[in-house]
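The values are calculated or read from the model by the stated rules, or taken from the named source; none is laboratory data. What you are looking at is a predicted structure, and each value in this text was computed from that prediction instead of being measured. Neighbour counts run over all protein chains shown; Cβ positions are idealised from the backbone, glycine included.
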Amino acid sequence: MSELFSQNDSASKALKIYISCSDCDMDFIRKEINYVNYVRDRHEAEVYIITTEQNSGSGGIIVTLDFIGQQSYAGMNDTLKISLRPDDTDDVIRNKSIAVLKAGLMRYVARTPYFDKITITSSIEDNQDATQQPSDPWDSWVFKLSSDGYFNGEKTYKYNYLYSSFSANRITEKWKYESNIAYQFNKTKYIFEDDDTTIITASKSFYNNYFLARALNNHFSLGLSLGANSSSYSNIDFSVSGLPAIEYNVFPYSESTRKQLRIQYKIGFDYNDYHDTTIYNKTEEALLMHSLSMTVMFVQKWGSLNVNLYGSNYFHDFSKNQLSINGNADIKLFKGLSLTLYAYYAFVHNQLSLPKEGVTYEETITRQRELATTFNYYTSIGISYTFGSIYNNVVNPRFGD
């Protein structure tokens, strides 16, 4: 379905939709369906789309899309289903979903002034997207306040966790601005009744980070990261940093939902004021550092792959460095056989903030302070094989899944 709007048309007349879906690739949807307006609040939407999933008989999934008309479309409701096989890749799932989503939206789009400018085709190109941004009193700014807590306890153990944050973001075709202020606190208490001993440990962190990026063309971007943070876990009383950056994407950014090969270089300063004297006899220091990273991402019929390679070091001593690699893959080896893998490994030689006096036994067993190490890793792997009937259209919800 191709969008053929005129640049002079008012985009505010386009259909407003809200999609409730935790697993959907919204970037892909926005690129493929560019003749509607996406709103952040369901109450602002003219069509509210709810997606749900149920397991089917042969191990696949039936995805149900409920289209609920609101405002001038109240009473215009519809339900469509997508049948997904157990060996469908992420790319197949996305394409099936987008086709059904387009079909479901057409009865609503048909009642807008733009319907006579839409043709049923698949020839749309990213650079043909002529939908203008509607009038926006917030000028693309989005603000968010959040706070959450977690409390767990029993007779001899208690754990409290608090987190609060505020973010202000603005994203346009040329500019990306992201800011986040956050506070985190956790406290652990152990009671040993045999010897009447109580261990209480706590840590807190404050983060104040800003990021600004400017698109230069379809391959190059410039960026700037600024931060002011503190962390009792890392022995940082106060830290401020500034890192200009440049990024090159081998593939055009317009193809980012399908493939990416991004190379990013940062260089800048890091000033640290420490809680306690460090193992290098520092109470404060100003550091120059740089980093180089490469990210590879593919979503293809055979599955999906995302790998990141990162390296950094300080200029005053190149032996103070870190090298890490992490990645995840979901690969369909052949019909019915799937492999999922996640792995992370880092060589760590840049722990400049470790306290000279070390950490207490209590802080060690409760992981409330950073510990000396030369590496860290974590990994997970899974494999599954599905065989039998290829038909998975039946849903039977009795006794749950």
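Table: residues versus (1) surrounded by fewer than 12 Cβ atoms within 10 Å (Cβ to Cβ); (2) modelled with pLDDT of 90 or more; (3) on the phi > 0 side of the Ramachandran plot; (4) more than 27 Å from the chain's Cα centre (by Cα).
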site: Y73; (1), (2), (3), (4): no, yes, no, yes
site: D78; (1), (2), (3), (4): no, yes, no, yes
site: S83; (1), (2), (3), (4): no, no, no, no
site: I98; (1), (2), (3), (4): no, yes, no, no
site: M106; (1), (2), (3), (4): no, yes, no, yes
site: K117; (1), (2), (3), (4): no, no, no, yes
site: S140; (1), (2), (3), (4): no, no, yes, no
site: T156; (1), (2), (3), (4): yes, yes, no, yes
Residue, farthest from K266 (Cα to Cα), within the stretch 166-180, restricted to residues that are of a type in the set (D, E, K, R) and assigned to a loop (DSSP other than H, G, I, E, B): E173
Is it true that L287 is among the aliphatic types (A, V, I, L, M), within 30 Å of F238 (Cα to Cα) and surrounded by 16 or more Cβ atoms within 10 Å (Cβ to Cβ)? yes
Could you check the stretch 245-260 and list, in sequence order, the residues that are more than 19 Å from I93 (Cβ to Cβ) and either in contact with a helix residue (DSSP H, G or I) (Cβ under 7 Å, 6 or more places away or on another chain) or not assigned by TED's automatic domain parsing to the domain that holds H290 (or both)? S254
Can you confirm whether the stretch 121-136 contains a residue that is part of a loop (DSSP other than H, G, I, E, B), modelled with pLDDT of 75 or more and crowded, with 17+ Cβ neighbours inside 10 Å? no
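Let's see how each residue does on (1) assigned to a strand (DSSP E or B); (2) within 30 Å of G153 (Cβ to Cβ):
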{"site": "A182", "(1), (2)": "yes, yes"}
{"site": "N186", "(1), (2)": "yes, yes"}
{"site": "Y190", "(1), (2)": "yes, yes"}
{"site": "D194", "(1), (2)": "no, yes"}
{"site": "T198", "(1), (2)": "yes, yes"}
{"site": "T201", "(1), (2)": "yes, yes"}
{"site": "A213", "(1), (2)": "yes, no"}
{"site": "G223", "(1), (2)": "yes, no"}
Looking at the stretch 310-342, which of its residues are within 21 Å of the chain's Cα centre (by Cα) and closer than 15 Å to T295 by Cβ? Y310, S324, I325, N326, G327, N328, A329
How do the pairs read when you match residues in the stretch 284-303 that are outside any strand (DSSP E or B) with residues anywhere that are not hydroxyl-bearing (S, T, Y), using Cβ under 8 Å and keeping only pairs 6 or more apart or on different chains? K301/D91; K301/V92; W302/I331; W302/K332
Scan of the stretch 352-368 for residues that are outside any strand (DSSP E or B), touching a residue at least 40 places away in the same chain (Cβ under 8 Å) and closer than 27 Å to F318 by Cβ, ordered by number: L352, S353, L354, K356
